[in-house]
Amino acid sequence: MANPQEQLAAWQKAALESTLTYAQASITSAEQLLKLNLEAARNSLEQAGKNTRELLAITDPQELVQLRAKIAQANMQQTASYAQNIYEIVSQTQALLTKLSEEQFSRLNKEAAAGAEQMSKGVPGADVASTTVKSTLAATNAMMDNLNRATKQFAELSEASIKAATAGMFNTGGKK
């Protein structure tokens with residue numbers, strides 16, 4: 001059995017590594033969102049300039065109506081694409097952070113179970129406490145499994161809804 005100071009040092013090191021991994025994932029996500037926003041701003045500026053030039057060149061009222069519809073449709077499609085890109089970045093980050101949390105939770109469970117097993121060895125009456133800890137860990141694991149399944153189902157439903165909404169926007173535009 002490792003001495004308590006070594007265990008504490010190992011836990012602190014693991015906590016630091018987990019914190020750094022979470023921070024790196026968050027920074028990567030923020031960087032992706034920043035790039036997406038800069039690209040969207042650049043595209044919007046270019047599109048606004050193009051649209052303004054086209055509007056200024058129009059002489060026929062019918063052309064104006066057609067151009068306005070074309071611009072509105074293009075804006076809807078760009079907005080849907082932008083929203084979908086944001087959703088993908090956030091979903092990827094959420095999946096990574098969930099995976100990291102599950103790994104950390106699993107590691108902590110193993111360590112707690114090992115500690116409970118060690119506690120039950122050689123100490124009279126400790127087997128009751130060890131059994132209680134193991135029972136609590138089993139109940140906690142079952143709860144976390146249910147929570148993870150519900151979260152994954154919600155994420156899948158959200159993704160399906162986003163895709164359906166985006167597809168609907170693009171299909172509507174093609175019919176005009």
All-but-one check, Y22 against (1) assigned to a helix (DSSP H, G or I); (2) over 21 Å from the mean Cα position of the chain (by Cα); (3) farther than 27 Å from A165 by Cβ, failing number (2)
Checked S26, S91, S18, S106 against criteria (under 30 Å from D145 (Cβ atoms) and at pLDDT below 85); the one match is S106
_With the structure loaded, tell me whether Q73 is of a type outside the set (K, R), in contact with a Gly (Cβ under 6 Å, 6 or more places away or on another chain) and surrounded by 13 or more Cβ atoms within 10 Å (Cβ to Cβ) or whether it fails that test._
yes
Here the residues within segment 1-48 that are small (G, A, S) and over 30 Å from K121 (Cα atoms) are S18, A23, A25, S26, S29, A30, A40, A41, S44, A48
Per the filter on segment 1-34, residues loosely packed, with under 12 Cβ neighbours inside 10 Å and within 30 Å of A72 (Cβ to Cβ) are L34
For segment 81-125 the number of residues that are more than 28 Å from the chain's Cα centre (by Cα) and not small (G, A, S) is 6
Can we say A114 is surrounded by fewer than 14 Cβ atoms within 10 Å (Cβ to Cβ) and touching a residue at least 40 places away in the same chain (Cβ under 8 Å)?
no
Residue pairs qualifying under the 8 Å Cβ cut-off, at least six apart or on distinct chains, with the first in segment 127-153 being under 11 Å from A116 (Cβ atoms) and the second being charged (D, E, K, R) and surrounded by 12 or more Cβ atoms within 10 Å (Cβ to Cβ), are S130/E117
_of a type in the set (A, V, I, L, M, F, W, C) and part of a helix (DSSP H, G or I): is that true of V133 in this structure?_
yes
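The values are calculated or read from the model by the stated rules, or taken from the named source; none is laboratory data. As the structure is a computational prediction, the values presented were derived from the model and not from experiment. Please note: Cβ atoms are built from the backbone with ideal geometry, for glycine as well, and neighbour counts cover all protein chains shown.
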